[in-house]
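The values are calculated or read from the model by the stated rules, or taken from the named source; none is laboratory data. Keep in mind the model is a prediction, meaning the values are calculated, not measured. All Cβ positions, even for glycine, are placed from backbone atoms using ideal geometry, and neighbour counts span all protein chains on display. For the accessible areas, the whole protein counts, side chains as well, though only heavy atoms, and no ligand, DNA or RNA atoms are used. Shrake-Rupley method; radii C 1.70, N 1.55, O 1.52, S 1.80 Å.
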Amino acid sequence: MATIPEHEPFIQSIRKEWYGGKVAAVDMLRLDVVHKVVSGNKWYKLKHNIENCLTGGYKHIFTFGGGYSNHLVATAAAANMFGLRSTGIIRGDYSNDRLTPTLKSCMDYGMDLRFVTREEYNQKNDDAWLEELTKNYGGAYIVPEGGANEDGRKGAEDIGKMIPEGYTHIAVSVGTGTTLAGICNAVGNEVTIYGYASMKGGAYLQDELRSYIKPEMQGSYTIFDNWHFGGFGRSNDELIRFMNEFYEINDIPLDVVYTGKMMYGLLQQINEGVFDASVRIMTVHTGGLQGNVSIQDKLLYNNL
Ligand SMILES: *Cc1c(COP(=O)(O)O)cnc(C)c1O
């Protein structure tokens with residue numbers, strides 16, 4: 001499939017000044033450059049799903065998310081690019097003047113939005129409800145919330161394959177954990193994977209993901225939920241100050257929903273002596289910069 005990535009991912013060194021030379025190396029895999037909207041991990045999770053639509057003759061993608069979901073807007077944009085129609089089932093009523101920038105952007109890419117109550121939304125994996133939702137659309141293809149399916153994990157393995165040998169740790173932010181699972185399945189168990197959940201209570205995913213991760217990696221990943229900053233989509237001045245400082249030192253824009261929180265947590269761990277001086281850490285920039293629109297006036301950079 002042609003059009004995406006617009007730019008190839010690359011590896012950039014994080015400056016020693018940022019981590020105080022307390023470990024041997026911190027590098028970053030820049031997936032954020034792949035595409036402005038179908039950015040970072042989202043393209044990898046979507047690509048096999050889109051491929052299935054095209055080869056299977058599906059014309060219409062249904063997917064799910066909240067008002068700030070990067071997955072929704074990435075799906076809207078990708079569907080648009082590949083000539084597919086899309087419908088987003090949205091948790092909560094954001095109709096009319098309550099549309100978030102993310103949802104506006106979904107509509108700009110031609111996605112139909114259907115607002116449902118939390119109770120209805122909770123049926124998102126219920127076959128009968130899905131059939132009812134899609135019955136008038138003839139051959140609708142359903143991608144679960146966050147792109148969290150087998151094809152999503154398979155696509156995320158490509159991210160793991162981009163990471164050269166020689167790293168002792170990989171750090172990645174976590175929503176559904178689909179990306180983390182794909183990376184785990186693509187690397188050897190000499191590597192430790194640290195996942196940083198961007199929502200409250202995300203450590204439950206440690207067990208939830210187990211069945212999707214290959215046996216030899218079962219003991220090699222840990223999900224932390226200490227750095228949610230009040231919950232999914234929440235932030236505070238300290239996080240934004242940190243992101244601005246990271247940008248000034250490294251010239252890399254972080255997003256406020258995921259990668260800002262991950263790098264904050266990682267730096268705290270480095271400073272607390274969690275890592276030996278010999279470790280080499282690969283951090284994964286999973287993109288998501290479109291989500292910065294809500295705090296744009298406080299940022300020193302604008303990558304929207
Ligand atoms: C969606 C997203 C994630 C979470 O990915 P999962 O595979 O759901 O864990 C992480 N980072 C960014 C920037 C995202 O947009």
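Out of the DSSP beta bridges found with both residues in the chain, what percent are antiparallel (nearest 5)?
10
Roughly speaking, to the nearest percent, how much of segment 164-304's 1.4 Å accessible area is carbon and sulfur?
Percent of accessible area from carbon and sulfur atoms in segment 164-304: 45.
Quick check for me: using +1 on Lys/Arg Cβ and -1 on Asp/Glu Cβ, what's the dipole size of the chain about its Cα centre, in debye to the nearest 20?
For this selection, approximately 260 debye.
Summing -39500 (n - 2.57) over the DSSP H runs of n ≥ 4 in the chain and dividing by its residue number, what mean residue ellipticity at 222 nm do you reach, to the nearest 500 deg cm²/dmol?
For the chain, the value works out to -10000 deg cm²/dmol.
Summarise the accessible area of segment 17-105 (1.4 Å probe, protein heavy atoms) by the percent that is carbon and sulfur.
46
Send over a whole-number figure in Å² for the accessible area per residue of the chain, probe 1.4 Å.
Here the residues of the chain average 43 Å² of exposed surface.
Hey, which of these cross-link pairs are over 28 Å Cα-Cα: Lys104/Lys161; Lys22/Lys298; Lys22/Lys154; Lys47/Lys104; Lys124/Lys298; Lys47/Lys135?
Lys104/Lys161; Lys22/Lys298; Lys22/Lys154; Lys124/Lys298
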